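Structure record follows, encoded as structure tokens.
A short reminder: the numbers here are calculations on the coordinates, not readings from a lab. Keep in mind that what you see is a predicted model, and the values were worked out from it rather than measured. Don't worry about glycine lacking a Cβ; one is built from the backbone with ideal geometry, like all the others, and counts go over all protein chains shown.
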Amino acid sequence: MRKLLALFFLAVFFSIFSGGCSRGPKPVQVAVYTSDPATLKILNDALRAIEARHPGLKIELVNIPYNNYQDKIATMMAGGNAPDIISVDANNFVELSLRGALEDLTPYLQKDGLDPKIFYPSIFKRFSPGGKICALPGDLAPFGLVYYNKKLFDEAGLPYPTSKWSWPEPLLSICKKLVKKDATGKIIQWAWGDPYGIAADDFLLSDGGYYMDSETNPTKLTLDSSQALESFNFRWDMIWTYHISPEPAQIQAFNFGPGAETLFANGQIAMMPSGIWHTPNFLTHKDLSFDVVEFPWGPHHTRGWGCGGSGYCIWSGCKDKEKAWIVAKELSGEETEAALAETGLVQPALIKVANSNAFLKSPGPAHKSILLDMPKYAHFGPFVKNWNEVWYGEVGPALDKCWLGEKKPSEVLPKLTADINKRYFEQK
């Protein structure tokens, strides 16, 4: 009996001892959303380098697919087991911020003397609602680039577009010359196509308009404004009046995102508005000669475009915020941003790195330097609760019917705006 008890206590002792040794300090978890192998390798290498600089610090990368990311993070927060550091999209970040789930990083920046002016002001302001710094910017992504196929411009005898161009003219005249038809009159080459479904956002923003009455303190939808009606109608006319952009039925055989890239890369679309992240894919098409230009000025000589980006937050429920701060600060530092910039996928949020060869000499279009000035004209989605529900659940389906040719946006937007304001924003 005594031998059995001795063996029992010995087993318990080794269980506790070996368990404690195997667990060690709990790692700092970093949640990200990426499917790009090169980006994942850079992030993993960056985390190992941070560990080397801080002996005893352990870091674990938690990669969650983008489509499930927001819901998964919210569920983990509700369960009290969310990652310590959360990589956030500049637009999806809003919901997490409004629910008070993010640590205020202001004291940490002040303690370490980290100057906010090292970041592009637009993305830093986005992550600092009401002056409370909720994330350290990692990159920003203006949607205001227009990719153009140089070969198709050459064949049409057209000069390449410049930063001085505008809509409706000369954009319309340029587009009409880029459309090609076969012997039966069927269009086989369009002038303009959006990568993620038909969109008029940048036309609205370049016309001096916006989705709501304010970007930072919105109270009501303003898609019934003169700028909204003018810009959305123009995008409709590109499809149904001028036939310079494909109808939904003409592009439905292609998948979300990559399908539009394929249309452009194969020479079926001459121009495609979007952001810098398409360039690595385009560079794999050896016969594709392309470059970029800023989205055209609006009809009233105003300029603007949408923007994305990412940053690193610390979950308010994090148990060791000091360690999490070390990791977040170094992930958004020069070394990691330069490594990511060299892929050609992202524009660094650090102004110094964006102006360095790491970004400017990375693979991509010849005139990618235009991105350096683009953040000053960038707009993010409204900082308001349920914006995704409003935009994708209400506005999107209504506009989809317009893009099918059933009605013009000017026939739909005024009533739609009034209805959404009554149901979502009347209490404001």
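Among the listed pairs K177/K368; K151/K176; K41/K286, those whose Cα-Cα separation exceeds 18 Å are K177/K368; K41/K286.
Taking the number of Cβ atoms within 10 Å of each Cβ as an exposure proxy, the fewest-first ranking of W325, W387 is W387, W325. Summarising the label geometry, the points placed 7 Å from Cα in the beta-carbon direction at K58 and Q110 lie 3.5 nm from one another. If you run the Gaussian network model on the chain, springs between alpha carbon atoms under 10 Å, then out of P246, P83, P25 the most flexible one is P25. Segment S369..E169, full-extension length gain: 69.5 nm, with 0.36 nm per residue of separation and the alpha-carbon distance subtracted.
Using alpha carbons only, how many angstrom separate the centre of the range 169-207 from the centre of the range 364-428? If we compute the Cα centre of each part, the gap is 20 Å.
The percentage of C-alpha pairs in the range 296-415 whose separation is greater than 16 Å is 75%. Among L172, L43, sorting on how many other beta-carbon atoms sit within 10 Å of each Cβ, with the fewest leading, yields L172, L43.
Per residue, the average separation of C-alpha pairs within less than 8 Å and at least 6 apart gives the chain a relative contact order of 25 percent. So, in Å, what gap is there between the alpha-carbon centers of the range 129-154 and the range 43-84? The range 129-154 and the range 43-84 have Cα centres separated by 25 Å. Exposed loop sites here are GluC sites (Glu not before Pro) assigned a DSSP state other than H, G, I, E or B and surrounded by at most 12 other beta carbons within 10 Å; excluding them, the longest clear run of the chain is 1-405. One quarter of the convex hull surface built on the alpha carbon atoms of the range 359-428 amounts to 7.8 nm², the projected area averaged over directions.
Placing a label point 7 Å from the Cα of I118 along the Cα-to-Cβ direction, the residues of the range 27-63 whose backbone N falls under 16 Å of that point are 50. Multiplying the residue separation of S289 and K422 by 0.36 nm and removing their Cα-Cα distance gives an extension gain of 43.0 nm.
Taking the DSSP beta bridges with both ends in the chain, the antiparallel portion is around 70 percent. Placing one equal scatterer on every Cα of the range 254-324 and applying the Debye formula, the log10 ratio I(q)/I(0) at q = 0.15, 0.16, 0.23, 0.29 Å⁻¹ is -0.69, -0.73, -1.10, -1.36.
Cut-off 17 Å, label point 7 angstrom out along Cα-to-Cβ of A249: give me the residues of the range 158-190 whose amide nitrogen falls inside. Residues passing the 17 Å test: 185-188.
Among A78, A46, A31, the largest mean-square fluctuation in a Gaussian network model of the chain, built with springs joining Cα atoms closer than 10 Å, belongs to A78. In terms of its Cα atoms, the range 134-216 spans 57, 27, 26 Å along the principal axes, sorted from long to short. Here the Debye sum runs over all C-alpha atoms of the range 201-295 as equal scatterers in vacuum, and log10 of I(q)/I(0) at q = 0.10, 0.16, 0.22 Å⁻¹ comes out as -0.37, -0.85, -1.15.
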